[in-house]
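Notes for the one structure printed next.
No value in this document is a laboratory result; all are computed from the given coordinates. The model shown is predicted, which means the values in this text are computed figures rather than measured ones. We place every Cβ from the backbone using ideal geometry, glycine too, and count neighbours over all the protein chains shown.
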Amino acid sequence: MPAEGIIHVLPDVLANKIAAGEVVQRPASVVKELMENAVDAGASSIQVYIKKAGSTLIQVVDDGCGMGPEDAAACFGRHATSKLRSMDDLEHLATLGFRGEALASVSAVAQVELKTRRVQDDAGSMVKMAGGELVEQRPCSTPAGTSVAVRNLFYNVPARRNFLKAPSTEFKHIVETFQALALANPTMAFALVHDEMDVYRLNAPEADVPFDDALLQRVHALFAGRSPDALVRVEEATSYLSIRGFVGTPETARKSRGDQFLFVNGRHVKSRSLNHAVISSFGQLIPQGAYPFFALFLTLDPSHVDVNVHPQKTEVKFDDERGVYGFIKAVVKRGLATAGLALAVDPTLSPSITIPAAEGVVVEPAFRSSDPFSRPTSPPTRSFAAPDGDGGGRPRGPEILGSETLDPRTFNIASFPSTTISQDGTLRLPSRVEPQVDGADADPEIQGSSRPIWQLHERYLLTPIRFGLMVLDQQAAHERILYEQAVTAMDGGMAASQQLLFPRTIDFDPAEFALLEELLPDLRLLGFDLELFSGRSVLVRGVPSDVHLGSEHVILEEILDQYRSNLDGLQLEARENLARSMARRSAIRPGRILKPEEARALIDQLFACRMPYADPIGRPTMIKMSMEELAKRFGRNPSS
Ligand code: ADP
Ligand code: MG
């Protein structure tokens, strides 16, 4: 039997010290709590002064509402909060803090000096705390607002002080915390000063700048490389949930995590699952293991979200977690698809920009172009020869390579009907701006026949865009186009087929034959009309309309080969594999000189793709170089 009186209320000082372990894990936690308090206090400007990565000083100065003399002392009490009076309040919380724990916890493990004054008061108040005990309190003169200086964090808990990571690591956490709050409040001014050096000075935008523009400016100010042309706007609202913000373009994704910011009702939160939703919406646009930038703001009725599950209030729970996941994924996907056009070659660009014709660069002036969507019924007006053995093509028996049109392994770039967008079963949200894939807008005559395109070393296409220069990899681009066409065809059974006048019989080895059998339904959707006979013979009656007659066996074999080598290495669904194989097999390779109208059609069709930025296995199809970057490389001031 335990002796009576063993359970007793912990003295406040001890309780705070224990709680401090939860709330204050490292200097960045203090920065977060103090900055949040400043935001809650309605500040319009917040300055953060750090010394020695926060181990000697963390000071946050704001011009918010300030506190009267009573509150100045009371705010250090445990569960002292002005923000929460009942459980009901908890459901409708609009402030960042509400537990009333932060100042109590911080002051338990550091020396804290608070100076604060309300506008209406003549005198301000100064309160000094150390190790959770009041050291001094007196009136003082101080500007309206609040300054909290936290010195020698963990001075009285040496174990924890020793636990701190290298200053560079701790400071990195501080910077991230600062960035999150500065992003969440793009209309407020912020400064971060470390060891007397300015790290950030972020001005408030003009009074009536819309939130999105303020956010855009803020992102750019915080992350040097994240200029507006490297960002994609994301926006959607339903009665349950709304989302807005920006994601980085695929080519600006980084190999390391970081620069991913999610806000729920203005609060920076971390959620593995929602991060995953965003990243997965990029799909193959970014390579595996790359992380896109994002700053996304979710807004929903606070009663649907629980932010109270973690003392640091960074984890969230939604009552419809899966719904939120799906919503984010779909909205970001659509933003990216839409941006495919927004970032496309700029039709208004004047052709006056000149790039000296270096060796190996084919300079093409403005030219007329033929219809990029030639109908399968007419003989292909232009076609892209497939590889002659290099660039990943497997060596195959003697090649019959005469004139282009005789090349047996030739695919017309504009073969399958390009109805890719609406076929995307994964994106069901109504689209405000759907990328147009046909009609006048995709017609190069109208869209930008004056846009210059240069081919570089028979491998890359160069063309000016609004913000600078775009370089496309012709093979990757073509693979993306063919891949989406194949997927579309298999989803919708849309591919046109041409019947052979004289059906041919082709013999396959047993393994290939078995594969063919398995893939038969999808091959049919792609436009192959095949009949399998016992053993290993296949009767080919028809082929996709852009396969040159006479080459059907080569194409079938190559698709199967590619398919099998994909099977070895990658775990792909049959259709995905088939689409990739088809694209791989048929895409133009380096070494192919593109006629001007071919280059133009390639670019137009690429940007009509659902995901123009990467080839089917996630390598980029294009890179962009902004004028800013060019200026930087030339050692010029970007703004001049
Ligand atoms: P919480 O933010 O959860 O309410 P804190 O311990 O962070 O708890 O703060 C306690 C109280 O102190 C707040 O509710 C607020 O009334 C007051 N306070 C703290 N920081 C400031 C500030 N910068 N300006 C005005 N009031 C503040
Ligand atoms: Mg607080």
Which order do the peptides 182-194, 472-484 come out in when sorted by mean C-beta neighbours inside 10 angstrom, highest first?
472-484, 182-194
Describe numerically, in nm with one decimal, the distance between label points set 7 Å from Cα along Cα→Cβ at residue 564 and at residue 162.
6.3 nm
How many nm separate the modelled label positions at residue 456 and residue 299, each set 7 Å beyond the Cα in the direction of the Cβ?
4.3 nm
Residue 518 and residue 208 label points (each 7 Å along its Cα→Cβ direction) are spaced in nm at 6.5 nm
Assuming 0.36 nm per residue, please report the length gained on full extension of the stretch residue 533 to residue 502 beyond their Cα-Cα distance.
9.5 nm
Gain in length, residue 144 to residue 636, computed as 0.36 nm per residue apart minus the alpha-carbon separation, to one decimal in nm?
172.8 nm
